[in-house]
Amino acid sequence: MAPPRTYRCEAIILGYTPLGEADLLVTMYTRDQGKVRAVGKGARRSSSKLVGHLEPLTVVKMSLAHGRNMDVISQAEVTQSFAELKEDLTAITKGQYLAELVDGFGAEANPNPGLFQLMIDCLRVIEATKGRESESASDMPLRFFEFHLLQVSGLMPELYNCVECRQELEPDAHRFSPNVGGTLCLDCSPDDAHLRPLSLRALKVLRLLDRSGIVEACKLPVDAGLADELKSLLSNTVAYWLGKEIRSNSFLERLHKESQPEVYI
Amino acid sequence: MTQENIPGAAPSLARLVQELNRLPGIGPKSAQRLAYYIIRLPDEDAYALADAVTSVKQSIVFCEECQNLTDASPCPVCADPRRDRTTICVVEDPLDVLAMERTRTYRGLYHVLHGVISPMNGVGPDQLKIKELFNRLERPELAEMVVATNPTLEGEATAMYIRRHQGREGLRVTHLARGLPVGGSLEYTDETTLTRAFQGRQEI
Ligand SMILES: [Zn+2]
Ligand SMILES: [Zn+2]
């Protein structure tokens, strides 16, 4: 029998579950292979050389061997640990939010290097802005991520012309639906349960997310009302394509609520 | 796994295989092997197994104090007057209590969370025994809480949540030292562990 073929890859660890006595079943997103699920043999023993190299939200260079059922991790070495991000609970939770979405949108044997890079870029910005309440409450890195997740997945919403009548959108309030693929003018009213209002300033932010890099986008001053509209719009659109709710959302919202100073009237 | 996977198997056997297959770490092949093993057992051994499963479900309860699994609440540790009541060690699950007890170095009390905060899996503070922990922290005799969750991302995040939300003033909150495992090697140690091991270096 020929020896098992091995390959090397660069991956972001998304999560893992225990398998058997001491193994881990690791879910990761690789630059060149898309989503990969592989076994870390003995990885739960503290003496394993894999221990500490398979934690979620870590970028790892690894060697894998093709197995009969599942690939096996033979070597793993951390190249980016995001150690500072991992000192902050809210930042960790945001990272887990990204991991849940990459797990949901990423497909096995379907590489998407743009998605790989997007997650790394967003983790970097979350790390750099951690603990700054004004920026962390508006969650712009997450909004940037959601917008570009749709883009790299080929689900980019239309922002310039009405998706029904193709008229160029006037600078005005409009409506939006993931179901029809983006923005609608006020004259077009298809029968669509996902239809929702879209303010002009939210539309402007979406267009800006389209044109600008993450660092620039995350510097945008966004008040609480606009932040809420963008969150509701983008995370609902992502959940629509995901076909289920984003589970990390409820804990993230809870952290935001608990970190808000109490107001005495 | 369904009956079609085992051609010719009796429905009762297929059902047993199916139930065993649901256990963690048991794949379809192992489930079949175990099922045939159980069939070949003497009657009384097989009934003893079934009875053990039934009675564990009927008699095991959460300890009203530490939330560990026990036959009678409070559990033997909480009921033991020789245990040090000024310290609570917070662990993820009941097996961690056994591991700590094996060291014979810790004489305080425990609190079992029954998991860690795992937002992606829909596990938040309300799904764990965190409220019960915060209630216990109000006891005036308590001087220290040792947060002994696993040094994994989710274990650390859970420790941070507990640290951030416990409101008791004057309570010493500690966690276990992070460092090199016995039998490990520097070469294969990840940088986070190595950094912490270096920060925690001691005189020799
Ligand atoms: Zn129109
Ligand atoms: Zn107890």
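The values are calculated or read from the model by the stated rules, or taken from the named source; none is laboratory data. The model shown is predicted, which means the values in this text are computed figures rather than measured ones. Every residue, glycine as well, gets a Cβ built from its backbone with ideal geometry; the counts of neighbours run over all protein chains shown. Only protein heavy atoms, including side chains, enter the accessible area calculation; ligands, DNA and RNA are left aside. Shrake-Rupley method; radii C 1.70, N 1.55, O 1.52, S 1.80 Å.
Just a few scattered comments:
- Less than 5 angstrom separates the built amide H of B:V90 from those of B:H111, B:V146, B:V147, B:A148, all sequence-distant by 5 or more or on a different chain.
- 25 °C / 0.890 mPa s Stokes-Einstein diffusion coefficient of segment B:49-127, Kirkwood radius on C-alpha pairs, µm²/s: 176 µm²/s
- In chain B, helical runs assigned H by DSSP with n ≥ 4 each contribute -39500 (n - 2.57); averaged across all residues and rounded to the nearest 500, the mean residue ellipticity at 222 nm is -12500 deg cm²/dmol.
- nm² value of the averaged projected area, convex hull over the Cα atoms of chain A: 17.8 nm²
- Contact residues in segment A:220-251 by the 30 Å² criterion (accessible area, 1.4 Å probe, full protein complex versus chain alone): A:R247, A:F251.
- Farthest toward the positive end of the dipole of chain A, out of A:L115, A:L149, A:F251, is the Cα of A:L115, where the dipole comes from beta carbon charges about the Cα centre.
- Charge dipole of the protein assembly as shown about the Cα centre (unit charges at C-beta), most positive-ward option of B:H114, B:T189, B:G124: B:T189
- Taken over the C-alpha atoms, segment A:132-255 has Rg and Dmax values of 14.2, 43 angstrom.
- A simple charge model with +1 on the Cβ of Lys and Arg, -1 on the Cβ of Asp and Glu and nothing else charged puts the dipole of segment B:86-170 at about 180 debye relative to its Cα centre.
- Partner chain coverage, peptide B:125-131 - average Cβ within 10 angstrom: 1
- Choice from B:N121, B:N21, B:N68 with maximal GNM fluctuation in chain B (Cα, 10 Å cutoff): B:N21
- Inter-chain neighbour count for A:6-19: the average number of beta-carbon atoms from partner chains within 10 Å of each residue's beta-carbon is 1.
- Whole-number accessible area per residue in Å² for chain B, which is evaluated in the context of all protein chains at 1.4 Å: 63 Å²
- Accessible surface buried upon B-A contact (total; probe 1.4 Å; Å², nearest 100): 2300 Å²
- Counted by Cβ distance under 12 Å from A:A65, the other residues give a net charge of +3, where Lys and Arg count +1 and Asp and Glu count -1.
- Isotropically averaged projected area of the protein assembly as shown, using the convex hull of Cα atoms (one quarter of hull area), nm²: 31.6 nm²
- Scattering profile of chain B at q = 0.11 Å⁻¹ [log10 I(q)/I(0), Debye over alpha-carbon scatterers]: -0.74
- Restricting the calculation to Cα atoms, segment A:6-80 shows an Rg/Rh of 0.91 when the hydrodynamic-style radius is the Kirkwood one.
- Size of charge dipole - segment B:3-59 - debye, nearest 20, with Cβ of Lys, Arg +1 and Asp, Glu -1, no other charges: 260 debye
- Computed over chain B: relative contact order in percent, which uses C-alpha pairs under 8 Å that are six or more apart: 12 percent
- Within 10 Å of the Cβ of each residue in B:188-196, the mean number of Cβ atoms contributed by other protein chains is 6.
- Working from label points 7 Å from Cα in the Cα-to-Cβ sense, the A:R254 to B:I38 distance is 3.5 nm.
- Distance from segment B:47-108 to segment A:110-164 (C-alpha centre basis), Å: 46 Å
- Of A:L149, A:L255, A:L184, the residue with the greatest mean-square motion in the GNM of chain A, using alpha carbon springs below 10 Å, is A:L255.
- Degrees separating the helix B:11-21 axis from the principal Cα axis of chain B, which is the longest one: 20 degrees
- Segment A:1-151: radius of gyration and largest Cα-Cα distance (Dmax), Å: 15.8, 60
- Largest GNM mean-square fluctuation across B:R22, B:R102, B:R163, computed for chain B with C-alpha springs under 10 Å, falls on B:R22.
- Area accessible to solvent at B:Y47, 1.4 Å probe radius, in Å²: 150 Å²
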